[in-house]
Amino acid sequence: MTDLFSSPPSSPSGERGNNAPAMSVSEISTSIKRELETRFDRVRVRGEISGLKRAASGHIYMSLKDDNAVLSVICWRGQAAKLSVDPQDGLEVIVTGRITSYPGRSNYQIVIDSMEVAGEGALLKLLEERKRMLSSEGLFADDSKRAIPFLPEVIGVVTSPTGAVIRDIMHRLSDRFPRRVLVWPVLVQGKGAAEQIAAAIEGFNALEIGGKIPRPDTLIIARGGGSLEDLWAFNEEIVVRAAANSKIPLISAVGHETDTTLIDFASDKRAPTPTAAAEMAVPVRAELIGEVQDIGRRIYSGANRLLSERRMQVEALSRGLPDPRRLIEEKMQRLDDRVERMRNAMRGFLRHQAAGLSELSARLPHPKQQILLANQQLVALKDRLNASGSYLLPKRQQELDRLDAGRRMVAASKLRIERAGNELRSLERVLEGVSYKNVLKRGFSVVRGADGNVLGPSDISDGTHLNIEFADTAFVEAVASEPTKSSPSNPSSGGEKKSSVKKKKALQKADQNQGSLL
């Protein structure tokens, strides 16, 4: 094989020989390509990415450059999906591949199958630039952050289902306050991790409230510790924007306490570890129970103290007030006095009325006497009329006959007799109005002694003979006796008072004198 990089033999005269065979362009290009692929079969090259292009076929074309040179780079579609770093312009990386040439353009290039960041310095620079860009858009503003619910019913966790992170979170939630947990499994490192994490956040937010799958009240984005390259998926712009746009309060728990990713700035709360995120999501149930019990004791103590103070105030105020019982007793005594005075006044009034009726009855003649006197007057008038008629009738008859005044005489007589009858009936109505019989018809009775005098309650004693007059009988004879108490051994008595008054009805004649009305 000819060494293309060695110098050809020179002629004695120092000129290049003209006997070397001529090669075509394709032959020389093929020889160069073979030599490059043989000599630089596997190399690692460090440089800064520039001119990044992604073809529709999925291939990636770019250049690596340093201060003095530029190297074309190709990554075929099958290898591009396996790269651990998302290539971006300005990122300093170390690529691994083989050197080859492209005869169509007479340039050499490197076909890579892996890529890694050249150092943390480059990643940190990219991180700061992305942080500054997203911060200028307001994604990290404090006024857009939401408060974490005190006690969520459902907690959504976005993490790897196979790592220790989910077990730590579940264990911590079980110890503090068991809640329902929904896990959205995702890749947390490598190609496609950022897209899956962003899709999980958006998926939880897309759940309907009250739907078949409950919408979480709190989200936890968690991952264990690692290098900057391992945590780079949580620095991707797609993840940060999804976290900032989440309507569900979000807690970021990526890495250890010293690890910081851009999702920490976009989340509503940052936890130093996944276990700390579980502690932030729920309170301690035992502490809540103790706090509630303490509040209950304080409320009970405060209520007792308030009641005691109010009781003391009422007692202090009651000392300045009169005793209600004494006031009531005084009113009761005054009421009894008024009742007694009313009873006495009623008795006096009844006695006064009885005395007035007695005086009135004494002044008025007895109805029978009035009737007898009226009968006597009528008889005398009749006799006078008869006498005058027998004397004057013959004489007056002549005059009547002469004057034809007989009819007027008869009419005048009838009129006079009618007037006398009306006057008599009027006297009878007056007599009935003042008669004590009408009083007896209303349920009253007249109590008289054996001598016929009207008796009062003070005049009646044991053994007094009584004549009781009712409306339907003339008199009822009776003897007054003291009431006796019913004997307990005699149930037939029924507790009622017995009277030994003996009654005897004796109708008196209508023409006997009745004596005084009362």
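Listed values, structure above:
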read-out	value
Three-way shape call for the stretch 255-377 based on the alpha-carbon gyration tensor, with the a/c threshold at 1.5	prolate
Rounded tilt (10° steps) of 25-39 against the dominant C-alpha axis of the chain	70 degrees
Interchain or long-range residues, amide H under 5 Å from GLN109's placed H	THR100, SER101, TYR102
Violating pairs (Cα-Cα greater than 31 angstrom) within the set LYS82/LYS131; LYS331/LYS441; LYS53/LYS145; LYS414/LYS437	LYS331/LYS441; LYS53/LYS145; LYS414/LYS437
At R0 = 60 Å, FRET efficiency that the Cβ-Cβ distance of ILE299 and MET346 yields, to 0.05	0.40
Cβ-derived FRET efficiency at R0 41 Å, MET312 paired with ALA141, nearest 0.05	0.15
Cα-based reach from LYS33 at 13 Å (exclusive), listing aspartates and glutamates while leaving out same-chain residues under 8 positions away	ASP41
Residues whose placed amide H lies under 5 Å from that of VAL157, excluding near-sequence neighbours	LEU182, VAL183, TRP184, ILE220
Interchain or long-range residues, amide H under 5 Å from HIS59's placed H	ARG77
Helix axis angle, 324-363 relative to the chain longest principal axis, alpha carbon, degrees	20 degrees
Equivalent-ellipsoid semi-axes of the stretch 125-226, from the Cα gyration tensor, Å, largest first	25, 19, 15
Sparsely packed GluC sites (Glu not before Pro) within the stretch 143-251, loop by DSSP, other Cβ within 10 Å at most 12	GLU153, GLU208
Length released on extending from LEU321 to SER57, taking residue separation times 0.36 nm less the Cα-Cα span	84.8 nm
Whole-Hz ³J(HN,Hα) from phi, Karplus 6.51 cos²θ - 1.76 cosθ + 1.60, for the stretch 48-65, glycine and proline x	9, 6, 8, x, 5, 9, 10, 6, 4, 6, x, 6, 10, 10, 7, 9, 10, 9
With at most 10 neighbouring Cβ atoms within 10 Å, loop chymotrypsin sites (Phe, Trp or Tyr not before Pro) (DSSP) excluded, longest segment of the chain	151-518
Distance in nm between pseudo-label sites at LYS212 and GLN88 (7 Å out along the Cβ direction from Cα)	4.0 nm
At 1.002 mPa s and 20 °C, Stokes D of the stretch 25-118 from Kirkwood alpha-carbon radius, µm² per second	158 µm²/s
Mean residue ellipticity (222 nm) of the chain, computed from DSSP H runs ≥ 4 via -39,500 (n - 2.57), nearest 500	-15000 deg cm²/dmol
Nearest-ten-degree value, helix 193-206 long axis tilted from longest Cα axis of the chain	20 degrees
Exposure proxy order (Cβ contacts within 10 Å, fewest to most) of ILE148, ILE28, ILE209	ILE209, ILE28, ILE148
Ranked packing of 412-424, 80-92, 47-59, 180-192, most packed first, by mean Cβ within 10 Å	180-192, 80-92, 47-59, 412-424
Partners for LYS65 among aspartates and glutamates (Cα-Cα distance below 13 Å; same-chain residues under 8 apart left out)	GLU48, ASP89, GLU92
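None of the figures in this text is laboratory data; all of them are computed from the coordinates on show. What you see is a predicted model; the values in this text were computed from it and never measured. No Cβ is skipped: glycine too gets one built from the backbone with ideal geometry, and neighbour counts run over all protein chains shown.
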